[in-house]
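Report on the following structure.
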There are 2 protein chains.
Amino acid sequence: MEYKIADHIAAMKPSAIREIFKVLVDPEVIALSAGSPDPGSYPVKEMAEIGNDIFANNLVTTLQYGTTEGYGPLREQTKKRLREKYQTGTDADDLIITTGGQQTISLFTQTMINRGDVIVCEEPSFIGALNAFRSFGAQLKGVPMDEEGMRMDKLEEVLATTERVKFIYVIPTFQNPTGRTMTLERRKELLALAKKYDVLILEDNPYFELRYEGEPVATVKSMDTEGRVVYAGSYSKVLSPGMRIGFCLANKEIINRMVVCKQVSDVHTNMYFQMLVSKYLKKYDLDAHIKDICALHKIKRDAMLEGLAKYVDERIAFTHPNGGLFIWGELPESYDSFKLCQEITKKKVACVPGNAFATDESAVSNGFRMNFSMPSLDNIEIACRRIGETAAEFLK
Amino acid sequence: MEYKIADHIAAMKPSAIREIFKVLVDPEVIALSAGSPDPGSYPVKEMAEIGNDIFANNLVTTLQYGTTEGYGPLREQTKKRLREKYQTGTDADDLIITTGGQQTISLFTQTMINRGDVIVCEEPSFIGALNAFRSFGAQLKGVPMDEEGMRMDKLEEVLATTERVKFIYVIPTFQNPTGRTMTLERRKELLALAKKYDVLILEDNPYFELRYEGEPVATVKSMDTEGRVVYAGSYSKVLSPGMRIGFCLANKEIINRMVVCKQVSDVHTNMYFQMLVSKYLKKYDLDAHIKDICALHKIKRDAMLEGLAKYVDERIAFTHPNGGLFIWGELPESYDSFKLCQEITKKKVACVPGNAFATDESAVSNGFRMNFSMPSLDNIEIACRRIGETAAEFLK
């Protein structure tokens, strides 16, 4: 039979990048296409120990229905850590546990967006967020970036000329896909513009604790005095992504609405891993663990930056991320990175072409994303060499 | 600041039943308001054993990102079991793992519903589904039930006179909240009417394996030859709800769209419990376990039916469910069950008034729902006596 799919879901076309992802089934392919931390960074021993303890002492509790807002102790621990360590959150805010950072994006979008409302974002931006926005029928408006993050002159142009903007979506720290960090100055301007045009900000900050050099920059939310910033965080990058434990910190009124949406989305996040993270935070030193992860990832970032400098034509510009998981390459303006990535896959290396991260997927992009946390150091070297060889041919 | 919440989310008012749920913080209150199986029914020993095994041998895998569709072996095992044991599913169908049965309802609604589209359901129906429908801006049309389930004459009236119906939502077996089971004859008529008016059916069937007497009735999906039925199932009631492991079986085209929605909702369901259920199905006999659960729950159902017959005025009619978790009481027509439930809470027993399950929450209902799986046998007896005392006073 013929199905009458909802209009905005029907409009979401299978992405062209699927073709590139198809090569990943080949075990010989070096995947620079992932978005995960190095699995060697998971605190497996500690988690297994806590897991066994839960099984021995709290199993029935973790197997029952939990509250939609999340496990009480974990909510309190997360709030406290954000507040004390990052001056993020006020008494007017509340925090809920979500089924990973992605669910925060989805619930907030469902809470705010009427079909046709506009969401402004960095161009390029995280594909999972862009598709969440599309799945609720939002219109997307991209704002170009430079080395300091989203360009505020261009943002104001968009806000001044666009009706029905509901919120601005930013990944201010070690942005996905570019790896760039928005400067403090820009963050202040962002808040001022959001206030001037009376729109909200969704600050998606899953990578910010993976900093390998330089000084931390204050979260946008920490400078928010009026409940204008909704903060999405996650334990995926600092403990492990498969647990699906994220959180959202925002004004209580927004949180209350999001709880209604979460109730009908999945009732509650699995209790077991909420309890596991809570016990981990109580028993172990997360900050010390993060320091270890950062040391591990810094080596890989350095290896990739070095490999790219050594092997790749200097007409391709690469970002120098101070943290996170990604390096972004840019071909000279007239070139199509999708074609370059296709060529690279023939050499058994998978990068993600920039159009995957574009508000308009059919537009030509000269950028492409590479992940350095998942491949081994040897494979990073090999991948850079192959990218270099392909690029030399491609730029001829 | 003033938030501009999405119209259909803003329209979801905090329910009046919250007042009744507030009493649940008092540990002396006997809660007949839950929707969980008896926690004594969870196979805790077996789950702990498998859990320890996963920690010892597969922990890194379970902590990584998984595929959106779900853990391959669990998908295959679930498909096979439905097909071989219940003749449910065809080669044109596919199955995905969802974060509990609730997520199937939510993803399917997001996939199909444009704001203002109509969903037809039993009156009364499951509050979690009704709110999921509302959260995507659907209009609800309730169809009254009798002892044989949704009335087909009334369903046809609705279908013949209502524009933009996208699907019919039914809980055909041990319905929530009434405990009623739709007869085979009605199921066939339901399919025929869905075909005649070219609408889909969402068959929500989480309770069907909790049968305490009588013969199983074929699933609606098992009689579906054209991909018209979307089937929502769950391991919540037969293993445990806190894991958040449900599934959806439907035509591949619909499943593919739902995967896109799931990707942006929570990326994937937690790998750990997917693997745990898969290993449980491989190592243990789920059917034998279900037989044990049923024996346990039958004793409680019988105790409640007996207590209600013994203590409660016969002007209140009770359903006799052959399975599931709920008994439904009905006051004589002119009475308001919300007021009765308020009185009952004063005697420290919590029931759920019928308006919580109504498509129009502001309408007066004479029905109320009681759960028999969670309270102890002693508390079932005490609760029935208190309900009887309150009802005697109320009906004076």
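The values are calculated or read from the model by the stated rules, or taken from the named source; none is laboratory data. Just so you know, these numbers come straight off a predicted model, no measurement behind them. Methodologically, a virtual Cβ is constructed for each residue, glycine included, from the backbone with ideal geometry; neighbour enumeration extends over all protein chains shown. Surface accessibility is based on the protein's heavy atoms, side chains included, excluding ligands, DNA and RNA. Shrake-Rupley method; radii C 1.70, N 1.55, O 1.52, S 1.80 Å.
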Which of the residues that make up the stretch B:330-380 are of a type in the set (Ser, Thr, Tyr) and either farther than 12 Å from residue B:304 by Cβ or touching a residue at least 24 places away in the same chain (Cβ under 8 Å) (or both)? B:334, B:335, B:337, B:345, B:359, B:362, B:365, B:373
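Is it true that residue A:272 is within 11 Å of chain B (Cβ to nearest Cβ) and either at pLDDT 95 or above or in a helix (DSSP H, G or I) (or both)?
Numbers: within 11 Å of chain B (Cβ to nearest Cβ): yes; either at pLDDT 95 or above or in a helix (DSSP H, G or I) (or both): yes.
So residue A:272 fits the description; yes.
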Output yes when any residue across the stretch A:317-324 is modelled with pLDDT of 95 or more, among the aliphatic types (A, V, I, L, M) and buried (at least 16 other Cβ atoms within 10 Å of the Cβ), and no when none is. no
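Take residue A:375 and decide whether it is modelled with pLDDT of 95 or more, closer than 20 Å to residue A:148 by Cβ and outside any strand (DSSP E or B).
On the way: modelled with pLDDT of 95 or more: yes; closer than 20 Å to residue A:148 by Cβ: no; outside any strand (DSSP E or B): yes.
Considered against the rule, which asks whether it is modelled with pLDDT of 95 or more, closer than 20 Å to residue A:148 by Cβ and outside any strand (DSSP E or B), residue A:375 comes out as no.
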Flag for residue A:22 being away from chain B (no Cβ under 13 Å), over 22 Å from the mean Cα position of the chain (by Cα), farther than 30 Å from residue A:256 by Cβ and assigned to a helix (DSSP H, G or I): yes
Would it be correct to say that residue B:211 is more than 19 Å from residue B:130 (Cα to Cα), within 14 Å of another protein chain (Cβ to nearest Cβ), surrounded by fewer than 23 Cβ atoms within 10 Å (Cβ to Cβ) and in contact with a helix residue (DSSP H, G or I) (Cβ under 7 Å, 6 or more places away or on another chain)? no
Are any of the residues in the stretch B:14-37 over 21 Å from residue B:352 (Cβ atoms) and aliphatic (A, V, I, L, M)? no
Determine the pairs where a residue that is more than 30 Å from residue A:239 (Cα to Cα), located within the stretch A:297-320, has a partner that is open to solvent by 60 Å² or more (accessible area, probe 1.4 Å) and at pLDDT 95 or above with Cβ atoms under 7 Å apart, the partner being 6 or more residues away or on another chain. A:311/A:385; A:316/A:330; A:317/A:330
Check A:301, A:369, A:386 and return the single one that is open to solvent by 10 Å² or more (accessible area, probe 1.4 Å) and more than 28 Å from residue A:13 (Cβ to Cβ). A:386
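Restricting attention to the stretch B:174-184, report how many residues are open to solvent by 10 Å² or more (accessible area, probe 1.4 Å) and more than 19 Å from residue B:358 (Cβ to Cβ). Lay out the reasoning, then the answer.
Of all residues in the stretch B:174-184, those open to solvent by 10 Å² or more (accessible area, probe 1.4 Å) come to B:180-181, B:183-184.
With more than 19 Å from residue B:358 (Cβ to Cβ) added as a condition, the list becomes B:181, B:183-184.
Adding up the residues that qualify gives 3.
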Among the residues of the stretch B:38-53, write down those that are at the interface with chain A (Cβ under 10 Å from one of its Cβ atoms), open to solvent by 40 Å² or more (accessible area, probe 1.4 Å) and more than 26 Å from the chain's Cα centre (by Cα). B:45, B:49, B:52
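Looking only at the stretch B:99-153, filter to residues that are among the polar types (S, T, N, Q) and open to solvent by 20 Å² or more (accessible area, probe 1.4 Å); which one of those is farthest from the other protein chains (Cβ to nearest Cβ)?
Applying the first criterion (among the polar types (S, T, N, Q)) to the stretch B:99-153 yields B:99, B:102-104, B:106, B:109-111, B:114, B:125, B:131, B:135, B:139.
Retained after the next criterion (residues that are open to solvent by 20 Å² or more (accessible area, probe 1.4 Å)): B:114, B:131, B:139.
Working: B:114: 5, B:131: 5, B:139: 14 Å.
Out of the qualifying residues, it is B:139.
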Do we have any residue at all in the stretch B:171-180 that's away from chain A (no Cβ under 14 Å), on the phi > 0 side of the Ramachandran plot and without any contact (Cβ under 8 Å) to a residue 60 or more places away in the chain? no
All but one of (1) at the interface with chain B (Cβ under 9 Å from one of its Cβ atoms); (2) within 30 Å of residue A:179 (Cβ to Cβ); (3) open to solvent by 60 Å² or more (accessible area, probe 1.4 Å) hold for residue A:28; state the number of the condition that does not hold. (1)
Of the residues in the stretch A:54-91 that are open to solvent by 50 Å² or more (accessible area, probe 1.4 Å) and among the aliphatic types (A, V, I, L, M), the one that is farthest from the other protein chains (Cβ to nearest Cβ) is A:56
What number of residues within the stretch A:154-172 are assigned to a loop (DSSP other than H, G, I, E, B) and open to solvent by 10 Å² or more (accessible area, probe 1.4 Å)? 3
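Each row is one residue, and each column tells you yes or no for (1) in contact with a Gly (Cβ under 9 Å, 6 or more places away or on another chain); (2) within 9 Å of chain A (Cβ to nearest Cβ); (3) assigned to a loop (DSSP other than H, G, I, E, B).
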| residue | (1), (2), (3) |
| --- | --- |
| B:206 | yes, no, yes |
| B:215 | no, no, yes |
| B:218 | no, no, yes |
| B:226 | no, yes, yes |
| B:230 | no, no, no |
| B:239 | no, yes, yes |
| B:282 | no, no, no |
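Among A:222, A:240, A:278, which is the only one that is within 27 Å of residue A:352 (Cα to Cα) and of a type in the set (Gly, Ala, Ser)? Spell out how you get there, then give the answer.
Values: A:222 fails: within 27 Å of residue A:352 (Cα to Cα); A:278 fails: within 27 Å of residue A:352 (Cα to Cα).
Exactly one of A:222, A:240, A:278 is within 27 Å of residue A:352 (Cα to Cα) and of a type in the set (Gly, Ala, Ser), namely A:240.
Among residues belonging to the stretch B:185-204 that are within 14 Å of chain A (Cβ to nearest Cβ) and open to solvent by less than 50 Å² (accessible area, probe 1.4 Å), point out the one that is nearest to residue B:165 (Cα to Cα). It would help to see each step written out before you state the result.
Filtering the stretch B:185-204 for residues within 14 Å of chain A (Cβ to nearest Cβ) gives B:191, B:194-202, B:204.
Next cut, open to solvent by less than 50 Å² (accessible area, probe 1.4 Å) only: B:191, B:194, B:199-202, B:204.
Numbers: B:191: 15, B:194: 10, B:199: 7, B:200: 9, B:201: 11, B:202: 13, B:204: 18 Å.
Selected residue: B:199.
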Testing residue A:251 on (1) within 30 Å of residue A:58 (Cα to Cα); (2) modelled with pLDDT of 95 or more; (3) facing chain B (nearest Cβ under 10 Å); (4) open to solvent by 10 Å² or more (accessible area, probe 1.4 Å), one condition comes back false. Which one is that? (1)
